[in-house]
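Here the structure comes first, spelled out in structure tokens, and everything after it is commentary.
The values are calculated or read from the model by the stated rules, or taken from the named source; none is laboratory data. Nothing here was measured: the structure is a model prediction, and the numbers come from that model. Ideal geometry is used to build each Cβ from the backbone, glycine not excepted, and the neighbour counts take in all protein chains shown. Remember, those area values only see protein heavy atoms, side chains included, never the ligands or the DNA or RNA. Shrake-Rupley method; radii C 1.70, N 1.55, O 1.52, S 1.80 Å.
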Amino acid sequence: MYTLDWFKGRQKVGNKELIDLKTAGEREKLKVFIAEDEVIILESFKLMVKRMGYLVAGYATGGKEALKQIREISPDLILMDINLPGIDGLTVLEKVNQDQIIPAIIVSGEFSDKLIDRANEIGVFGYLIKPIDEKQLEIAIKVALNRYAEFHHIMVQNGNLTSALKERKLVERAKGILMDQFGLKESDAMKSLQKKSRDSNKKISVVAEEIIEKGVY
């Protein structure tokens, strides 16, 4: 299918810049930006990312500096602590997404429905609760990249960020229903949605909405 190192170049849909997905040829190191105000945790994240074979493209301990560097670097993936001084992490990502869509994983010391709702509105691709070990981070990165690939497809087809975000929420909810009903992995739930979309000749968001309304596949 595709490797974790498919990010090369950029493309625009409307006035939004997207990471372009490539499947061929040479492997490039995934460029990861890390924003974390606790220095010990920041250093731990940097070490984990390097051990995974990715490139730490930049890092910051405050929101303003994180926003500045992300706009300059245009990383392939962002690992963002929520509680940053200056500008909080979710506001940083909200501002970033006004210019370009970059898959982001947020990190928090607590679980909050309010934070989850805001993260979903912004379009975050992953949520981790501290403390975080290397395996958790590795899985979160893989999941975020797969979710971004799905979103990228919707965005390219749709050409509208607001509609694409709404469609992604429908797809995520429908995947959750399939996973609960049939004990599927997330990737298998997505394949089921894609198959039903092809078989019925309907957009995947329409299929997702039907599943949500009925509560069944």
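Some values worked out for this structure:
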{"item": "Subset of the range 30-45 [open to solvent by 20 Å² or more (accessible area, probe 1.4 Å) and not in a helix (DSSP H, G or I)]", "result": "Lys31, Asp37, Glu38"}
{"item": "Identity of the residue in the range 50-71, small (Gly, Ala, Ser) and surrounded by 16 or more Cβ atoms within 10 Å (Cβ to Cβ), that ends up farthest from Glu134 (Cα to Cα)", "result": "Gly63"}
{"item": "In the range 63-104, the residues that are in contact (Cβ under 8 Å) with a residue 24 or more places away in the chain, more than 15 Å from Ala119 (Cβ to Cβ) and basic (Lys, Arg)", "result": "Arg71"}
{"item": "Set Glu121, Glu134: member being surrounded by fewer than 18 Cβ atoms within 10 Å (Cβ to Cβ) and closer than 16 Å to Lys46 by Cβ", "result": "Glu134"}
{"item": "Residues of the range 173-190 that turn out to be modelled with pLDDT of 80 or more and either loosely packed, with under 15 Cβ neighbours inside 10 Å or under 17 Å from the mean Cα position of the chain (by Cα) (or both), as a count", "result": "10"}
{"item": "Strands (runs of 3 or more DSSP E) within the range 46-143 that include 1 or more residues among the hydroxyl-bearing types (Ser, Thr, Tyr)", "result": "55-60, 104-108, 126-129"}
{"item": "Which numbered condition Asp199 misses (of (1) of a type outside the set (Lys, Arg); (2) outside any loop (DSSP other than H, G, I, E, B); (3) surrounded by 11 or more Cβ atoms within 10 Å (Cβ to Cβ))", "result": "(3)"}
